[in-house]
Each structure stands twice: as structure tokens, then as C-alpha cells.
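One structure is given here, and the rest of the page talks about it.
The numbers here are math on the coordinates, done by the rules we state, and not lab data. As the structure is a computational prediction, the values presented were derived from the model and not from experiment. All Cβ positions, glycine included, derive from the backbone under ideal geometry; neighbour counts span all protein chains shown.
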Amino acid sequence: MVVTDVCFETARGMAAALRRKEISARELVAAHLDRIEACNGAVNAVVTLVAERALAEAGAADDRLAAGEPVGPLHGIPMAHKDTHATAGIRTTKGSPILADQVPTEDELVIERIRAAGAITLGKTNVPEFGAGSHTFNPLFGVTRNPYDLGRSAGGSSGGAAAALATGMHPLADGSDVGGSLRNPASFCNVVGLRPAPGRVPSYPAELAYSTVNVQGPMARTVSDVALLLSVMAGPDPRSPIAIEEPGSVFAAPLDREDLTGLRVAWSPDLGGSIPVDAAVTAALEPQVRVLEELGATVERADPDLRGADEVFRTLRAWIFAVTMGPLLARHRDRMKATLVGNIEEGRRLTGADVARAEILHSALFQRMRRFYEQYDLLALPVAQVPPFPVEMEYPTEIAGVAQSSYLDWMRSAYLISSFGHPAISVPAGFTPDGLPVGLQLVGAHRGEAALLQAAHAFEQATRVGERRPPAVG
């Protein structure tokens, strides 16, 4: 393996080269540190860097391999972690000046698993303030820029992670997703992001341990590498009451599906007219939907019945914000962005009857989607309703002539999917005439990540859109 080319190798390729001793972990980490130095000034993806610690960890990893000791599936792979995830000894700010000096003493569960698998920590990636919103900017570190056009948003809330992947700063990334935070930045940055089913990647510590709204999951430049990271992140843990018992190792095998013969796909370009979609997004996706047919799938125009989904998501999200961030608001209102304050206050206004109604609608929605997936294996739709927008905007205020009244409205193509809990993946699918990435969202059956990953891999291999590198940073 040539060191100068290694930063755009797949994680699986890196892992194999490390085991064959074609490259050392120290060389691999040094190459990625060089890449960060070369690119990060332009995109502002990595906001905390622990270079000396990373090189020391890499040296220790090389020593273990040389001594013949067992090593994990991510042995020697460099990763930066989302700045909402607690990392022992490394500041975790959540993009807020309120937490600017917070240094956890323990890793949270997802980081614990990644490090136990042998990954080397490079630092932390940028997020919106408290991870709220699908545009990555905050008063502590500033804005993360899209590597395909530095004047555009990288998405969010895992925007720093996605931009770092696209520019070769790391091959794998951990993220989280409430209303699209793994899928939206993946779409904007031409990488892959998977929102797993709730409980697939258990979370600890968690104030609301039974909640199914916020999930953690993997990002990478390829579907195969997403599956590799999922194999490490997933699996049961006694600290999570909703953890799925199936072991993560079921996702470790190479993805080998080459076609989609027999697969039934519902194509819903605008969810039955319920969401406005920019014409450039539709134009990029329509030809790629035909690729699904060329691969053997049966594709039909069909729209799921998402009645109540909007109320379910907005109510439960606002309630979670009030519970988890209400105490901070009471002490630091003047240090929180207005849209975040508004969401917390909305949650505080909810009554018990409001939350009960949302849960009743939630249950009914799940049953309707269960019946929908008796007819179809996959739902295909846009990830984002717009291409990446200018970084100066907090959110798009208009889509296809339709006003967007809040910073949530424009994300409905992603958050309506979150509302019923099925796994969903963003796969690179095309570009606008201006060269901006567009992702295709594929939604699998309940807890159907394995089949979803196989289908996404077949689509990825047929289209090869994800191989187009960003011109803005080389």
C-alpha cells in the first residue's frame, strides 16, 4: 500500500494492509494527520486534535501486532469522534460555549466499543450547538464547509464527520441521528450514513434510556465500511434496556449482493406530494431509480401513509429537548441559539395529554408501516429536499416556492422516516449541474439492517457515484 494514497483507501483495505504489515499503524495515523493539516483549514471539520496521543496509541498498536497479540477488527484505523459523544480525556463540547471546557473521565458506550476494537482516536468533529439542526455551525468553532463547494453547508448534525470523510481525514466516523443527522450530511458530502433501528447500537449513559428517537450509527465512504463499523457498534449491552440481542458480528461479513432481483421497491419522490423537493434533487435521483430496475428490482411509485408522523416526531423531539436541556436553559439562556431555546420552550409547553397522543399516533404509525412492508422490501426517497445550501443561511427558508417556517421544516424527508424507527441509509446517488452531491435514501424493514446494507451496496457498486472526490480540497 502506497502511503501517499492511503487516506482514500477503504477501512477494510486499511485493516487488511495493517495485518499484512504493509503499513504500520503509526504510518497510517501520520498520513491522516498530514491530511488533516492540509484540508481542515478549508472545511473546519476536526475541531479538537490529539495528534501526540494518536501517534502514541498507534505505536502501542504496532507493538501489540508485532508481539503476536490478538487485535480487533479496527486495529490501527484512525477515527475522529463526533463532538456530542463523550471521550475520556478529550474535551466534549457539543458545540456550545457552555461546555467549552468539559473533559469527560469516561468514554460513552459507542466510543468504548470503537476503541476496544482497536481504532485510534484522532480528535473530535464539529457539530451544531447541542447537535440541534442539520447545518453544522456553532459559536465555539464556527461553520463546517462542504468540501464540494466551500460556500455551502456540509449538513448536520454529523457535518464535521461527513466533511472529514469526504476529504480523507478519516475512513470511518461515528454519529447520531434524531431527524436526519447521519443521513443529511452524508447526502450533502457524498458519503454513506446509516440510521440504524433503535436499540441496534445501544446508548449509555442515556437520561431517556427507553427513547427510540435518538440513535447512534456509522458513517463511511462506502456501504461496506459502514457495515464494518456497525459490526463493532452494534450488539447487546445490559446497560441499555432497548438493546437488540443480535450480535454486531452479523454485519462483519463482506457484502456480496450484486443485483436486486426479486426486490420490491416503493419509489416516493415527494411522499405523495406532502413535501416540496427542489427540482435539482429530483432530476439527480430519477435516473438512479432506474438503476434499481436495471439491477432486477421491481420499482413502483408508492407512498407510505405517514399520517401523524409529523406530530409524533415534533412532539417527542421537543419533549426530549425539554427534559435533557431544560436545566441548561434555566441557567444559560443567553448563551444558547434562539432556535434551540424555542425548541426547549416548545417542549416545556407540552402537556401529558400531548405526549400521550403522540405515543398513540406513534403506535398506529408503526402498524401501518408494518403492513406497507408486507408489500415492499424497500422504500426509496430523497434524503434531503434541497441540495447543500449557502453556509450563511441557518436553514433553507423556501423549497420549490414553498416557504419553510422553521429550521425543522426543510428536513421532513428525513425526520418523517425517523418517526417510525426503521433503518435508513443515505447512499451517494448523483450531482446537481453545479456539482453538489445528492443522496438517495433507502429505508429497510423493521430491524432489517442486513438486507438494507446488501441492497445499498449493490446500488453503490452499480453507480460508483461515491468515488467522485471533492474538487475544493483536492
Notebook entry, point to check: Based on the mean of other beta carbon atoms within 10 Å per residue, what is the order of 63-69, 288-294, most packed first?
Noted result: 288-294, 63-69
Item checked: Residue-wise HN-Hα coupling along segment 192-205, computed from phi with Karplus coefficients 6.51, -1.76, 1.60 (Hz; x: Gly, Pro) -> 10, x, 10, 8, x, 5, x, x, 5, 10, x, 10, 7, x
Next item on the list: With a Förster radius of 22 Å, plug the Cβ-Cβ distance of ALA51 and ARG20 into 1/(1 + (r/R0)^6) and report the FRET value to the nearest 0.05.
Entry: 0.25
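Could you work out how much longer the chain between GLU286 and GLU398 gets when fully extended? Use 0.36 nm per residue separation minus the Cα distance between them, nm to one decimal. Write down the numbers at each step before the final one.
Working: separation 112, 0.36 × 112 = 40.32 nm, distance 2.20 nm.
Stretched fully, the GLU286-GLU398 segment lengthens by 38.1 nm.
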Checklist line | Positive-end residue of ALA227, ILE98, GLY193, charge dipole of the chain with Cβ unit charges | finding: ILE98
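How would you classify the chain from its alpha-carbon gyration tensor, with a ≥ b ≥ c the square roots of the eigenvalues: rounded for a/c under 1.5, else prolate if a/b is greater than b/c, otherwise oblate? Mind showing how you got there, number by number?
Numbers: a/c = 1.40, a/b = 1.18, b/c = 1.19.
Rounded, since a/c falls under 1.5.
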Check: With contacts defined as alpha carbon pairs under 8 Å and 6 or more residues apart, what's the relative contact order of segment 3-467 in percent?
Finding: 16 percent
Next item on the list: Sort 24-32, 323-331 for me by packing, meaning the mean count of neighbouring Cβ atoms within 10 Å per residue, highest on top.
Entry: 24-32, 323-331
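Sequence gap of 8 or more, or different chains, plus Cα separation below 23 Å: how many lysine pairs satisfy both in the chain?
Lysine pairs meeting the criterion: 6.
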Checklist line | Unit charges at the beta carbon, dipole of segment 37-97: most positive-side option, PRO78, GLY59, VAL43 | finding: VAL43
Check: What ³J(HN,Hα) values, in whole Hz, does the Karplus curve 6.51 cos²θ - 1.76 cosθ + 1.60 give for segment 274-282 when θ = phi - 60°, with x put for Gly and Pro?
Finding: 7, 10, x, 10, 4, 4, 5, 5, 4
Notebook entry, point to check: If you plug each phi of segment 284-300 into the Karplus form 6.51 cos²θ - 1.76 cosθ + 1.60 with θ = phi - 60°, what whole-Hz ³J(HN,Hα) values come out, in order, with x for Gly and Pro?
Noted result: 6, 8, 3, x, 6, 5, 5, 4, 4, 5, 4, 7, x, 6, 8, 10, 10
Next item on the list: Output the relative contact order of segment 177-285, whole-number percent, from Cα pairs under 8 angstrom with separation of 6+ residues.
Entry: 21 percent
Notebook entry, point to check: Going by a ≥ b ≥ c, the root eigenvalues of the Cα gyration tensor, does segment 1-152 fall in the rounded group (a/c under 1.5), the prolate group (a/b larger than b/c) or the oblate group?
Noted result: oblate
